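**Student:** Supplied in structure tokens, the structure appears directly below.
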């Protein structure tokens, strides 16, 4: 793992901000590339003074948004039957697609924000948004907010603990507890205010 970590740091250092953007684009698309092994090494380089932390966060967030829009428009153009039939060839199982669609159906537009924070949903939440023809501007705002928070968490961890995969993994495990709690509270508040607004409109 240490050898892989060193290799990733060298690769990101060579690719710079463009490399961070492209890898995060992949992480949000049909070819998931774990953000956990992209952002922390870049943040580690920022701690060493070789990159700028805000630029790392900005490029990673922009890459996530670009990849999310790729999925959004693919699902919008191709439709559910196509994704269901051919998604398995790019790592998208029917079970994963259904789980993402169920999550979106249950939580609505806010799921594009919450979904960016949850493992197993993060890469695919853009698909049901495209299938539902969600407003692109609203999709961009929610996706950027969710991706920005997740990237910032990863950047903070990488900046704090350095290029140590074991420590990064341990801190990520702890952070998931707070992320899930934050997500649950956000959904509850959204549902409460959404229903209240609906009642006031009647």
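**Student:** Restricting attention to region 179-193, does a residue exist that is modelled with pLDDT of 80 or more, assigned to a helix (DSSP H, G or I) and crowded, with 16+ Cβ neighbours inside 10 Å?
**Tutor:** Checked against the condition, which is being modelled with pLDDT of 80 or more, assigned to a helix (DSSP H, G or I) and crowded, with 16+ Cβ neighbours inside 10 Å, region 179-193 yields at least one hit.
**Student:** If you take the residues of region 53-98 that are under 25 Å from residue 154 (Cα atoms) and without any contact (Cβ under 8 Å) to a residue 24 or more places away in the chain, which of them is nearest to the chain's Cα centre (by Cα)? I'd like the intermediate steps shown before the answer.
**Tutor:** We begin by selecting, within region 53-98, every residue under 25 Å from residue 154 (Cα atoms); these are 53-72, 91-92, 96.
Subsequent filtering for residues that are without any contact (Cβ under 8 Å) to a residue 24 or more places away in the chain retains 54, 58.
Numbers: 54: 18, 58: 13 Å.
The selected residue is 58.
One line per residue, one yes/no per condition, for (1) in a loop (DSSP other than H, G, I, E, B); (2) surrounded by 16 or more Cβ atoms within 10 Å (Cβ to Cβ); (3) on the phi > 0 side of the Ramachandran plot; (4) touching a strand residue (DSSP E or B) at 6+ places or on another chain (Cβ under 9 Å):
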{"residue": "96", "(1), (2), (3), (4)": "no, yes, no, no"}
{"residue": "105", "(1), (2), (3), (4)": "no, no, no, no"}
{"residue": "134", "(1), (2), (3), (4)": "yes, yes, no, no"}
{"residue": "148", "(1), (2), (3), (4)": "no, yes, no, no"}
{"residue": "151", "(1), (2), (3), (4)": "no, yes, no, no"}
{"residue": "157", "(1), (2), (3), (4)": "no, yes, no, no"}
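**Student:** Answer with yes or no whether residue 173 is over 15 Å from the mean Cα position of the chain (by Cα), exposed (fewer than 15 other Cβ atoms within 10 Å of the Cβ) and modelled with pLDDT under 80. Quick ask: steps written out before the conclusion?
**Tutor:** Values: over 15 Å from the mean Cα position of the chain (by Cα): yes; exposed (fewer than 15 other Cβ atoms within 10 Å of the Cβ): yes; modelled with pLDDT under 80: yes.
Spelling it out, residue 173 is indeed over 15 Å from the mean Cα position of the chain (by Cα), exposed (fewer than 15 other Cβ atoms within 10 Å of the Cβ) and modelled with pLDDT under 80.
Residue by residue, here is whether (1) assigned to a helix (DSSP H, G or I); (2) at pLDDT 90 or above; (3) over 17 Å from residue 117 (Cα atoms) holds:
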{"site": "6", "(1), (2), (3)": "yes, no, yes"}
{"site": "9", "(1), (2), (3)": "yes, no, yes"}
{"site": "16", "(1), (2), (3)": "yes, no, yes"}
{"site": "32", "(1), (2), (3)": "no, no, no"}
{"site": "55", "(1), (2), (3)": "yes, yes, yes"}
{"site": "63", "(1), (2), (3)": "yes, yes, no"}
{"site": "67", "(1), (2), (3)": "yes, yes, no"}
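**Student:** What's the total number of residues in region 34-75 that are over 18 Å from residue 146 (Cβ atoms), surrounded by fewer than 24 Cβ atoms within 10 Å (Cβ to Cβ) and touching a helix residue (DSSP H, G or I) at 6+ places or on another chain (Cβ under 8 Å)? Give the steps one after another, and end with the answer.
**Tutor:** Applying the first criterion (over 18 Å from residue 146 (Cβ atoms)) to region 34-75 yields 37, 40-55, 73-74.
Next, from what is left, pick out any that are surrounded by fewer than 24 Cβ atoms within 10 Å (Cβ to Cβ): 37, 45-55, 73-74.
Filter again for touching a helix residue (DSSP H, G or I) at 6+ places or on another chain (Cβ under 8 Å), leaving 37, 45-47, 50-53, 55, 73-74.
Total satisfying the criteria: 11.
**Student:** Out of the residues in region 112-126 that are closer than 15 Å to residue 29 by Cα and in contact with a helix residue (DSSP H, G or I) (Cβ under 6 Å, 6 or more places away or on another chain), which is modelled with the lowest pLDDT? Talk me through it step by step, then tell me what you get.
**Tutor:** Narrowing region 112-126 to residues closer than 15 Å to residue 29 by Cα: 112, 115-116, 119-126.
Going one step further and asking which of them are in contact with a helix residue (DSSP H, G or I) (Cβ under 6 Å, 6 or more places away or on another chain), we end up with 112, 116, 121-122, 124-126.
On the way: 112: 85, 116: 84, 121: 76, 122: 80, 124: 81, 125: 83, 126: 85.
Filtering region 112-126 for residues that are closer than 15 Å to residue 29 by Cα and in contact with a helix residue (DSSP H, G or I) (Cβ under 6 Å, 6 or more places away or on another chain), the one modelled with the lowest pLDDT comes out as 121.
**Student:** For region 38-47, state whether one or more residues are within 13 Å of the chain's Cα centre (by Cα), at pLDDT below 90 and part of a helix (DSSP H, G or I).
**Tutor:** Narrowing region 38-47 to residues within 13 Å of the chain's Cα centre (by Cα): 38-39.
Imposing the further condition that a residue be at pLDDT below 90 reduces the set to 38-39.
Still in the running and part of a helix (DSSP H, G or I): 39.
There is at least one residue in region 38-47 that is within 13 Å of the chain's Cα centre (by Cα), at pLDDT below 90 and part of a helix (DSSP H, G or I).
**Student:** While we're looking at this one, here's another question. Specify which of the listed residues (109, 129, 140) is surrounded by 22 or more Cβ atoms within 10 Å (Cβ to Cβ) and either part of a helix (DSSP H, G or I) or modelled with pLDDT of 85 or more (or both).
**Tutor:** Details: 109 fails: surrounded by 22 or more Cβ atoms within 10 Å (Cβ to Cβ); 140 fails: surrounded by 22 or more Cβ atoms within 10 Å (Cβ to Cβ).
Residue meeting the stated conditions: 129.
The values are calculated or read from the model by the stated rules, or taken from the named source; none is laboratory data. Bear in mind that the values here come from a model prediction, so they are computed numbers and not experimental data. Every residue, glycine as well, gets a Cβ built from its backbone with ideal geometry; the counts of neighbours run over all protein chains shown.
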